[in-house]
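The values are calculated or read from the model by the stated rules, or taken from the named source; none is laboratory data. Here the structure is a predicted model, which means the values were calculated and not measured. Quick reminder, even Gly has a Cβ in these numbers, built from the backbone with ideal geometry, and neighbours come from all protein chains shown. The accessibility values were calculated without ligands, DNA or RNA, using every heavy atom of the protein model including side chains. Shrake-Rupley method; radii C 1.70, N 1.55, O 1.52, S 1.80 Å.
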Amino acid sequence: MPTIIDKLSETLAETLHLTSHKAEAEPKEEQVVEEYVEVNGTAAPSPAFEQSKVTVIYVLGGPGAGKGTQCALLVEDFGFCHLSAGDLLRAEQNREGSEFGQLIRSCIKEGQIVPMEVTLKLIENAVRAALGDENRKGAGWDDGKGRFLIDGFPRKMDQAIAFDAEVCLSSMVLFYTTTEDIMIERILERGKTSGREDDNMESIKKRFVTYRETTLPVIDYYTKLNKVASIDSSPVVEEVYAKTKGVVEKLFAGETVQNVTL
Ligand code: C5P
Ligand code: MG
């Protein structure tokens, strides 16, 4: 039987020719969310890694919401492997001989989502490498176990469904919320030194549109599955982190994950 990724891969060729096919027959994201929620529970996914051994936390929020900053702190306290989808894509873009370099560059500059087959493969490879890395030891990394923060992913419903079903079922979503004004201020500040081609006002506007239209439905989906911790990331880093740490401690203490707003 073809897997979800196989089926979605069939459409990759079309996806790559965005201009000629984009407007046709794309269902509204809300409709997609409803359909996915309906099939959840009846599908019998067989992911590459078991949720009982590998803990996956998705970290979402608008551009500049503070995802990377919070992840870095979580790594220190809990020994997570932090995988930023954006960083993995930028590394692939700059890798000599990559067949996706040009595609990734233009998607990032335009604030568009890179076709998920590319991103999913990069993350899956990184997960596999971390699990096989003998230098990773200690809490959460014995006997084939591992713990991952997947930052800036899933940005679109197809990524969410495919990763949960084919790679590893996620345990929860950390969702950072703040105002667009704060996000803009943070990105422009970062842009002074980041060297990123999308840390400028023109790209930021496009990233916000993608975020609202394509990523918020993903949050909606996981909210319906009761897996989202929403954290206001407007205050100073320490304050946001105190809340973040509390939620993650509960997860590792075995408490049932439920939607919470902090
Ligand atoms: O998360 P970050 O801001 O680093 O992502 C930068 C860009 O990388 C996004 O605007 C998007 O173009 C691309 N990206 C993607 N799919 C993801 C994560 C990032 O296409 N899951
Ligand atoms: Mg980031």
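Remark: pairs (first residue in the range 75-88, within 25 Å of D198 (Cβ to Cβ); second residue of a type in the set (K, R) and within 15 Å of ligand 2 (Cβ to nearest atom); Cβ separation under 7 Å; 6+ apart in sequence or on different chains) are absent.
Scanning the range 131-154 for residues that are small (G, A, S), at pLDDT 90 or above and in contact with a Gly (Cβ under 6 Å, 6 or more places away or on another chain) returns G140, G152. Within the range 106-134, the set of residues being charged (D, E, K, R) and in contact with a Leu (Cβ under 9 Å, 6 or more places away or on another chain) comprises just one member, E117. Evaluate the range 29-41: report whether one residue or more is within 27 Å of D87 (Cα to Cα), open to solvent by less than 90 Å² (accessible area, probe 1.4 Å), at pLDDT 95 or above and in a helix (DSSP H, G or I). Looking through the range 29-41, none of the residues is within 27 Å of D87 (Cα to Cα), open to solvent by less than 90 Å² (accessible area, probe 1.4 Å), at pLDDT 95 or above and in a helix (DSSP H, G or I). Going through (1) open to solvent by less than 10 Å² (accessible area, probe 1.4 Å); (2) small (G, A, S); (3) more than 17 Å from the chain's Cα centre (by Cα) one by one, G62 falls short only on (3). Taking the range 189-216 as the range and being more than 20 Å from P154 (Cα to Cα), acidic (D, E) and either open to solvent by 30 Å² or more (accessible area, probe 1.4 Å) or not in a loop (DSSP other than H, G, I, E, B) (or both) as the test, the residues that pass are E189, E197, E202. Checking each residue in the range 227-252 for being assigned to a loop (DSSP other than H, G, I, E, B) and either in contact with a Ser or Thr (Cβ under 7 Å, 6 or more places away or on another chain) or under 15 Å from V56 (Cα atoms) (or both) picks out K227, S233, S234.
Based on what the data block shows, is C71 part of a helix (DSSP H, G or I), surrounded by 20 or more Cβ atoms within 10 Å (Cβ to Cβ) and touching an Asp or Glu at 6+ places or on another chain (Cβ under 6 Å)?
Numbers: part of a helix (DSSP H, G or I): yes; surrounded by 20 or more Cβ atoms within 10 Å (Cβ to Cβ): yes; touching an Asp or Glu at 6+ places or on another chain (Cβ under 6 Å): yes.
Judged against the criteria, C71 is a match.
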